[in-house]
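The values are calculated or read from the model by the stated rules, or taken from the named source; none is laboratory data. For clarity, every value in this text was computed on a predicted model and none was experimentally measured. Every residue, glycine among them, receives a Cβ derived from its backbone with ideal geometry; neighbour counts consider all protein chains shown. All accessible areas refer to the heavy atoms of the entire protein, side chains included, with ligands and DNA or RNA removed. Shrake-Rupley method; radii C 1.70, N 1.55, O 1.52, S 1.80 Å.
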Amino acid sequence: MKRFFSTIIAILAFAGVALAQSYQMNVITSSGKTYAIDADDLISVTFAPTAVDVNPVSGTDLGTVLNGIDLSGAKTVRITLEAGGEYTANAPINCPANLQILGDAENPAKIKVSNNKFLVIDKGLILQNVEIDATDCKTQLICWNSTPSVEKVESGQYVILDPVIINNVKATGMTSSFMYDGGPAYAFDAITINNCVLGWESQDKNGINFATSMPITMSVTNCTMYSKEKTGQNFMGLNGSKRPWEITGYTDRKGEYVFENNTFYQLANTKQFINTNRLKGQKNALFTFKKNIFFDCSNKKIYANITNNNAQLTCEDNTYWFDGAAYEEPSSYNPDAGLQTDPAFVDPANGDFTPTGAEQVAKKTGDPRWF
């Protein structure tokens, strides 16, 4: 408040003398940057909120929750849901700012999506502590805008610097992509998917589909991802128009992709687990796979489209089980023989992926939620 009144006093003082002389106003931001404004160019000074908070009550249609709210100038839109609340989304939430949808960790809110999309976003995203019923959502659940509002860098990408974080989310009933880039060439500084359960009735599209975009870093940890039917689509596509180190602002970086302590079941059964012609065989692409369980995934070729005997691949204590038997990829693709035993899930058809295999139990592999 003191800063606000000091600012107003300074503006009034400036206005009182501006008629007599020409002045320059220096605006100093919290980051230390100084902006000089000539008095003759100054018309007015206005203040706008950089964050907008919305707290919809249980029963609200989230597709309308931002209707009528002026989001111009907002950097962040925060939607906080009631603990245990039940919501619908009969239209997509369109947000031009960084979007946060936050539920309660102990009692997540439930959202039933009855539209072709749940989210259409322009920038970063934090989606946390929610359960999503996507049975009636026939296209992508999360989609970036087909007409980007972020700046296009010299190399041709629309760079999203703010993080994308999906944490403690359960999404079931999907048939299309959980996440889709919308078509433009985005570059995501960091994507984190942690402690999630993502379930497809049948995977008719790439589960995570970056058809023209590229994350610089990405981690998928402590998750269970499954399809009720053996699917014929890739689990993930990383096919940006540029590799991470070719993107303006990232030329000194490597692409880093971590998959650790996940349970993958019947995904990409006859296709590639990760489809990435851009990163295949690239020494600056670092892939880490540790303590994952791959069950009936990718036709015995988890890494074939990643390494090409060249990319930097780290593997440790992964389980490889396909069509009732253990398997090994050629050592040129996979340096890790892994755990060659059946994880023996309790009841995967009904969503219980508790492993009872001795090796998996001893090493605590797969999604930790099942232990």
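Of the residues examined, Thr341 is one that is in a loop (DSSP other than H, G, I, E, B) and over 26 Å from the mean Cα position of the chain (by Cα).
Scan the stretch 219-270 for residues that are open to solvent by 30 Å² or more (accessible area, probe 1.4 Å), assigned to a loop (DSSP other than H, G, I, E, B) and touching a Leu at 6+ places or on another chain (Cβ under 7 Å) and the total you get is 2. Close Cβ contacts (under 9 Å, 6 or more residues apart or on different chains) running from residues in the stretch 135-157 that are on the phi > 0 side of the Ramachandran plot and open to solvent by 40 Å² or more (accessible area, probe 1.4 Å) to residues that are at pLDDT below 95 and of a type in the set (Gly, Ala, Ser) are absent. Candidates in the stretch 164-202 are the residues that are over 14 Å from Cys137 (Cβ atoms) and in a loop (DSSP other than H, G, I, E, B); of these, the one that is most open to solvent (accessible area, probe 1.4 Å) is Asn195. Of all residues in the stretch 100-134, those that are over 17 Å from the mean Cα position of the chain (by Cα), assigned to a loop (DSSP other than H, G, I, E, B), modelled with pLDDT of 95 or more and not small (Gly, Ala, Ser) total 4.
Residue under question is Val159, and the condition is that it be assigned to a strand (DSSP E or B), β-branched (Val, Ile, Thr) and farther than 26 Å from Ala349 by Cβ; does it hold? So Val159 fits the description; yes. Within the stretch 106-126, identify whether any single residue is under 27 Å from Gly249 (Cβ atoms), aromatic (Phe, Trp, Tyr) and surrounded by 23 or more Cβ atoms within 10 Å (Cβ to Cβ), and answer yes or no. The answer is no, given that none of the residues of the stretch 106-126 is under 27 Å from Gly249 (Cβ atoms), aromatic (Phe, Trp, Tyr) and surrounded by 23 or more Cβ atoms within 10 Å (Cβ to Cβ).
Within the stretch 39-82, being in a loop (DSSP other than H, G, I, E, B), modelled with pLDDT of 95 or more and loosely packed, with under 14 Cβ neighbours inside 10 Å holds for Asn55, Val57, Ser58, Gly59. Any idea how many residues of the stretch 271-316 are in a loop (DSSP other than H, G, I, E, B), open to solvent by 20 Å² or more (accessible area, probe 1.4 Å) and at pLDDT 95 or above? Residues meeting the conditions: 1.
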